[in-house]
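Here's the structure we're looking at; comments come further down.
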């Protein structure tokens, strides 16, 4: 079936094995809505209030709820959520598993469509949600994924290796993209709940969105990538946070069948292209932090450490 959108081919965590039918029977029909915006929160800081306001400012002509799964925030997050009448489910931070947490969010959701947002992703405009969920009217499309663009109001600048599109230069990412196409990201996604009920995320310490994309691919569902459903979402890194992220990504991709071998590590360290990019960015004055300067040689061993030795997500 054709589409005008670009496409690509347990209340604690132990309760996630409950059947969907029992969850549906427990839900009050009067409480059901069209769309649930579900966010996993842990000390998101001041961005959360911006996010909640932006969600409730959407012009989508459907009923919407905001659901937060909070893992022990101590920065006023619960007070912000209460002030905006958001639903909150509390979960344990340790051990944290993204796949199980997402499954819990979908179980608790009252909407027929569940939107997943990163806790620091802000809808870019008032029609973001309308554009994000519209592709799901096509029964062949199970998920929709919007872009992340730099946030002009954020204090920290975007990491230069995100801005230049070279963050994911290592070979495990290229393996995934070659097999499954453009990646699904739960930083800004919408999924039909009935499809999730069939497939579920399952235990996945990190990279649960990529694992779900594989399930969609194997079951013949499509993913839409609308250009007009962007969120304001970017990162910057210290050396420590950069190493942690790349290590988690190596772990997540290994769990999806895209491991990172010693040969991959040696190839990526020796490949010259990233060093030409490094020289260009240096001459343009964009590599101003230790993390940005060292990125080309930090990412490969960090990804390898996660892929070879990782056992759990590092929060």
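For every residue, the table says whether it meets (1) within 18 Å of the chain's Cα centre (by Cα); (2) modelled with pLDDT under 95.
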site	(1), (2)
132	yes, no
156	no, yes
185	yes, no
189	yes, no
198	no, no
209	yes, no
214	yes, no
225	yes, no
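Would you call residue 178 farther than 22 Å from residue 283 by Cα and assigned by TED's automatic domain parsing to the domain that holds residue 207?
Answer is no for this residue.
Among the candidates 270, 302, single out the residue that is under 30 Å from residue 47 (Cβ atoms) and at pLDDT 95 or above.
On the way: 270 fails: under 30 Å from residue 47 (Cβ atoms).
302 is the lone residue from the list that is under 30 Å from residue 47 (Cβ atoms) and at pLDDT 95 or above.
Restricting the search to the range 32-72, which residues are out of contact with any helix residue (DSSP H, G or I) (no Cβ under 9 Å at 6 or more places or on another chain) and buried (at least 21 other Cβ atoms within 10 Å of the Cβ)?
51
Could you check how many residues of the range 193-234 are assigned to a loop (DSSP other than H, G, I, E, B) and touching a helix residue (DSSP H, G or I) at 6+ places or on another chain (Cβ under 9 Å)?
Number satisfying all stated conditions: 17.
Can you name the number of the only condition in (1) out of contact with any strand residue (DSSP E or B) (no Cβ under 7 Å at 6 or more places or on another chain); (2) crowded, with 21+ Cβ neighbours inside 10 Å; (3) farther than 19 Å from residue 311 by Cα that residue 263 fails?
Of everything listed in (1) out of contact with any strand residue (DSSP E or B) (no Cβ under 7 Å at 6 or more places or on another chain); (2) crowded, with 21+ Cβ neighbours inside 10 Å; (3) farther than 19 Å from residue 311 by Cα, residue 263 misses just condition (2).
Would you please name the residue that is surrounded by the fewest Cβ atoms within 10 Å (Cβ to Cβ), looking only at residues in the range 174-192 that are out of contact with any helix residue (DSSP H, G or I) (no Cβ under 7 Å at 6 or more places or on another chain) and assigned to a helix (DSSP H, G or I)?
178
Would you check if residue 169 is part of a loop (DSSP other than H, G, I, E, B) and over 15 Å from the mean Cα position of the chain (by Cα)?
Yes; evaluated as a whole, the condition is true for this residue.
Could you list, in sequence order, the residues of the range 274-287 that are out of contact with any helix residue (DSSP H, G or I) (no Cβ under 6 Å at 6 or more places or on another chain) and either at pLDDT below 95 or within 9 Å of residue 161 (Cβ to Cβ) (or both)? So that I can check it myself, show each step before the final result.
Restricting attention to the range 274-287, the residues satisfying the condition of being out of contact with any helix residue (DSSP H, G or I) (no Cβ under 6 Å at 6 or more places or on another chain) are 275-277, 279-280, 282-285.
The one that is out of contact with any helix residue (DSSP H, G or I) (no Cβ under 6 Å at 6 or more places or on another chain) and either at pLDDT below 95 or within 9 Å of residue 161 (Cβ to Cβ) (or both): 277.
Among the residues of the range 123-146, count how many are surrounded by 22 or more Cβ atoms within 10 Å (Cβ to Cβ) and outside any helix (DSSP H, G or I).
Qualifying residue count for the region: 7.
Suppose we filter the range 90-111 for residues that are at pLDDT 95 or above and assigned to a strand (DSSP E or B); how many remain?
Final tally of qualifying residues: 1.
The values are calculated or read from the model by the stated rules, or taken from the named source; none is laboratory data. All values derive from a computational prediction rather than experimental measurement. Methodologically, a virtual Cβ is constructed for each residue, glycine included, from the backbone with ideal geometry; neighbour enumeration extends over all protein chains shown.
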